[in-house]
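Take a look at the structure below.
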Amino acid sequence: MTTALLELRQISVSFDGFMALRDLNLSLKPGELRAVIGPNGAGKTTFLDVITGKLRPTEGDVVFKGRSLLGMPEHRIARFGIGRKFQSPRVFENLSVRENLALAVSLPKRPLSLLTSDLTATQRDRIDHLMEIVALQQRANQMAGSLSHGQKQWLEIVMLVGQAPDLLLVDEPVAGLTDEETDLTADLLKSLAGDHTVLVIEHDMEFIRRLETQVTVLHQGHVLCEGSMDQIQRDPGVIEVYLGATEEAA
Amino acid sequence: MFQAFQQRRWPLLLLWVLIVAAIVAAPSVLPVFRLNLLGRFLSLAIVALGIDLIWGFTGLLSLGQGIFFALGGYAAAMYLQLNSSAGLPNGIPEFFSLYGVDSLPFFWEPFRSPVFALIAIWLVPALLAALLGNLVFRNRIKGVYFSILTQAALLVFFNFFNGQQKLINGTNGLKTDVTVLFGQMELGSAEMQRGFFWLTAIVVILVWMVLRWVVRGRFGDVLIAIRDDEPRLRFAGYNPTLFKTIVFAIAGGLAGIGGALYTVQSGIVSPQYMTVPFSIEMVIWVAVGGRGTLVGAILGAVSIMYAKSLVSEALPQSWQFIQGGLFILVVTALPEGVIGWCQGDGPRNLLTRLGVSRRIGTYPRLEMDAKEEVNS
């Protein structure tokens with residue numbers, strides 16, 4: 001077995017006795033694209049909070065590239081190679097598209113080097129390339145706050161890519177997008193897998209189907225089952241807790 | 001220069017030409033009394049620049065800048081007091097004898113050295129700001145809680161300085177205007193005051209240039225990102241605590257420099273510099289001038305203080321009302337401040353409303369979108 005890039009070992013998170021996650025095990029191989037689904041309150045966002053250091057698990061361990069992430073502050077985890085896209089698009093609204101991307105690609109991210117050095121030519125090319133991927137070149141000098149919802153989602157995704165992380169955590173990337181934008185986003189994420197390991201959390205079943213990949217179902221803070229979309233949809237346990245309620249949507 | 005015109009920044013350039021011209025002309029036009037006032041207001045503008053950096057750009061509203069302002073003032077005054085007390089009994093400042101103190105408190109000793117005093121003026125406030133700031137920021141205390149904490153710290157310092165007669169002359173403060181510097185001249189003399197005016201004006205312009213360099217590049221972008229969405233910035237790999245501590249220390253150091261220059265021009269430093277209303281006034285200068293515009297901070301501080309001194313001469317009791325009204329007006333009608341309003345769509349909207357300029361037919365965005373479609 002190849003070594004896993006990310007491994008969650010028996011993670012439990014309790015909020016005053018309420019178990020948001022219990023005994024969660026999950027492992028991701030390098031280059032994998034993984035979708036995570038689950039009904040509301042299944043602990044999807046909590047589980048991202050644990051990986052990115054926003055939340056400390058009550059029990060268990062998170063191992064990334066062979067190192068435990070527990071106790072590492074968020075910005076160190078980010079520098080160590082984990083990028084996170086939030087549920088609602090979060091870009092820096094009072095900075096231009098180009099400046100947003102410049103913050104993502106800048107290295108090192110220390111005050112002094114930001115003051116004294118400029119972006120290198122390679123970094124500038126990367127910014128142009130990233131804008132090209134999501135067709136934002138025309139808007140390079142526009143404030144990110146004036147972009148449409150879908151453009152903000154894409155800008156945030158390419159900002160993640162610009163950070164050059166090994167693992168991308170993408171939380172509901174297609175919430176509020178049109179069908180066309182959803183398709184483009186699916187293609188974008190599929191093209192990122194391989195070079196990066198990508199973990200996508202979504203509600204939208206059609207979108208997950210388009211990713212054509214392994215799916216993990218979360219239920220009440222626990223992994224209910226794993227498999228391809230077709231296997232999942234035949235699983236009686238999944239039908240009962242999840243698809244049973246939304247059969248027509250699936 | 002040509003580029004500035006192209007980018008329609010010429011009004012700002014014009015403003016700067018006017019400011020520099022006013023500063024150069026002031027010493028020959030104004031009587032010494034008015035020149036001295038202008039010099040004091042310019043030292044307050046240095047404090048306002050610091051507040052603009054932490055509030056306008058980074059979103060940290062500090063109501064305790066008076067602490068750093070007064071510390072800078074005390075550092076300058078302690079050196080000057082020692083300088084003029086060599087001939088006195090025990091060789092220590094006169095006020096000590098009032099309280100039966102006959103040896104210099106230990107922390108006064110290093111202030112015999114002018115070099116140490118010059119460094120302490122900005123370093124002591126900057127270090128204190130870094131320490132206080134780091135404690136607050138690392139615990140992720142933000143927004144209004146940060147403001148309350150800074151105000152509480154201000155009260156602590158005010159009460160401490162007020163009560164320490166035996167250490168720093170308590171509520172009476174330290175006088176500086178009779179000190180003799182450079183051989184013959186008294187600090188309060190017209191020549192010295194003219195010199196301090198020049199010094200202050202040069203420092204204001206230098207500070208403005210340094211801060212502009214700081215906020216222009218990616219460092220400044222990080223500050224704006226902290227103001228907009230600090231948690232998001234953490235996940236991009238930046239450590240906001242570090243950046244916030246640095247800018248808070250810079251603002252503290254600037255307040256110290258401003259405080260020292262203010263002290264030598266007003267002739268006294270006292271715990272009155274650490275009152276709550278004064279620190280709030282500092283914030284008002286920046287709000288009125290325009291948060292996030294460095295020129296706005298300078299103009300706000302100087303013009304409000306000038307208005308204050310003119311109004312107080314004519315109608316002694318009314319300034320507080322006018323200032324309060326001004327603040328309410330800015331918060332409700334000009335949230336961007338005067339300079340911010342001028343830089344945005346303000347003037348055009350006003351002209352449109354007055355019927356001078358024509359209303360724009362369509363959404364500017366629509367035109368831009370159409371162009372994109374042609375290109376793609």
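The values are calculated or read from the model by the stated rules, or taken from the named source; none is laboratory data. Just so it is clear, the structure is predicted and the values come from calculations on it, not from any experiment. Methodologically, a virtual Cβ is constructed for each residue, glycine included, from the backbone with ideal geometry; neighbour enumeration extends over all protein chains shown.
Brief remarks on what is shown
A quick yes/no check of all residues on (1) modelled with pLDDT under 85; (2) outside any loop (DSSP other than H, G, I, E, B); (3) surrounded by fewer than 19 Cβ atoms within 10 Å (Cβ to Cβ):
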| position | (1), (2), (3) |
| --- | --- |
| B:Pro11 | yes, yes, yes |
| B:Ile46 | no, yes, no |
| B:Trp55 | no, yes, no |
| B:Ala75 | no, yes, no |
| B:Leu82 | no, yes, no |
| B:Gly87 | yes, no, yes |
| B:Phe96 | no, yes, no |
| B:Trp108 | no, yes, yes |
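- Note on the range A:46-74: among residues that are surrounded by 19 or more Cβ atoms within 10 Å (Cβ to Cβ) and touching an Asp or Glu at 6+ places or on another chain (Cβ under 7 Å), the one that is nearest to the other protein chains (Cβ to nearest Cβ) is A:Thr52.
- Residue check for B:Phe41: of a type outside the set (Lys, Arg), in contact (Cβ under 8 Å) with a residue 40 or more places away in the chain and touching an Asp or Glu at 6+ places or on another chain (Cβ under 8 Å): no
- Close contacts from the range A:105-116, counting a first residue that is more than 7 Å from every other protein chain (Cβ to nearest Cβ) and a second that is of a type in the set (Gly, Ala, Ser), with Cβ to Cβ under 7 Å and a gap of 6+ residues or different chains, come to A:Val105/A:Gly162.
- Any pair with Cβ under 7 angstrom, 6 or more apart, that starts in the range B:220-236 at a residue that is more than 7 Å from every other protein chain (Cβ to nearest Cβ) and ends at one that is crowded, with 24+ Cβ neighbours inside 10 Å and among the small types (Gly, Ala, Ser): B:Leu233/B:Ala225
- With respect to (1) more than 13 Å from the chain's Cα centre (by Cα); (2) within 14 Å of chain A (Cβ to nearest Cβ); (3) crowded, with 24+ Cβ neighbours inside 10 Å; (4) not small (Gly, Ala, Ser), the lone exception for B:Trp213 is condition (3).
- Taken as a whole, the structure leaves A:Gln142 outside the set of residues that are surrounded by fewer than 22 Cβ atoms within 10 Å (Cβ to Cβ) and more than 10 Å from every other protein chain (Cβ to nearest Cβ).
- Scan of the range A:117-139 for residues that are out of contact with any helix residue (DSSP H, G or I) (no Cβ under 7 Å at 6 or more places or on another chain), within 9 Å of chain B (Cβ to nearest Cβ) and either of a type in the set (Asp, Glu) or surrounded by 15 or more Cβ atoms within 10 Å (Cβ to Cβ) (or both), ordered by number: A:Asp118
- Leading residue by the ranking (surrounded by the most Cβ atoms within 10 Å (Cβ to Cβ)) among those in the range A:75-95 that are more than 9 Å from every other protein chain (Cβ to nearest Cβ) and out of contact with any Leu (no Cβ under 8 Å at 6 or more places or on another chain): A:Gln87
- With respect to (1) among the small types (Gly, Ala, Ser); (2) over 19 Å from the mean Cα position of the chain (by Cα); (3) closer than 27 Å to B:Ala26 by Cα, the lone exception for B:Ala201 is condition (2).
- The range B:195-210, residues that are surrounded by 17 or more Cβ atoms within 10 Å (Cβ to Cβ) and touching a residue at least 24 places away in the same chain (Cβ under 8 Å): B:Phe196, B:Phe197, B:Thr200, B:Ala201, B:Val203, B:Val204, B:Val207, B:Trp208
- Residue count for the range A:199-228, restricted to those that are in a helix (DSSP H, G or I) and free of Cβ contacts under 8 Å to residues at least 60 places away in the same chain: 4
- Search result, residues across the range A:199-222 that are at pLDDT 85 or above and surrounded by fewer than 18 Cβ atoms within 10 Å (Cβ to Cβ): A:Arg209, A:Glu212, A:Gln220, A:His222
- A:Leu155 meets the stated requirement of being of a type outside the set (Phe, Trp, Tyr), within 14 Å of chain B (Cβ to nearest Cβ) and outside any strand (DSSP E or B).
- When we screen B:Gln343, B:Gln323 for residues that are closer than 27 Å to B:Leu12 by Cβ, out of contact with any Leu (no Cβ under 7 Å at 6 or more places or on another chain) and within 14 Å of chain A (Cβ to nearest Cβ), the only hit is B:Gln343.
- Odd one out for A:Leu101, checked against (1) within 14 Å of B:Val222 (Cβ to Cβ); (2) touching a residue at least 24 places away in the same chain (Cβ under 8 Å); (3) at the interface with another protein chain (Cβ under 9 Å from one of its Cβ atoms); (4) buried (at least 22 other Cβ atoms within 10 Å of the Cβ): (3)
- Residue count for the range B:119-146 under the criterion of being surrounded by fewer than 21 Cβ atoms within 10 Å (Cβ to Cβ), touching a Gly at 6+ places or on another chain (Cβ under 9 Å) and closer than 22 Å to B:Arg234 by Cβ: the result is 3.
- The residue that is surrounded by the fewest Cβ atoms within 10 Å (Cβ to Cβ), among those in the range A:1-25 that are assigned to a loop (DSSP other than H, G, I, E, B) and either touching a strand residue (DSSP E or B) at 6+ places or on another chain (Cβ under 9 Å) or among the charged types (D, E, K, R) (or both), is A:Asp16.
- Among the residues making up the range A:147-198, those that are of a type in the set (S, T, N, Q), crowded, with 19+ Cβ neighbours inside 10 Å and out of contact with any Phe, Trp or Tyr (no Cβ under 8 Å at 6 or more places or on another chain) are A:Gln151, A:Gln153, A:Gln163, A:Thr197.
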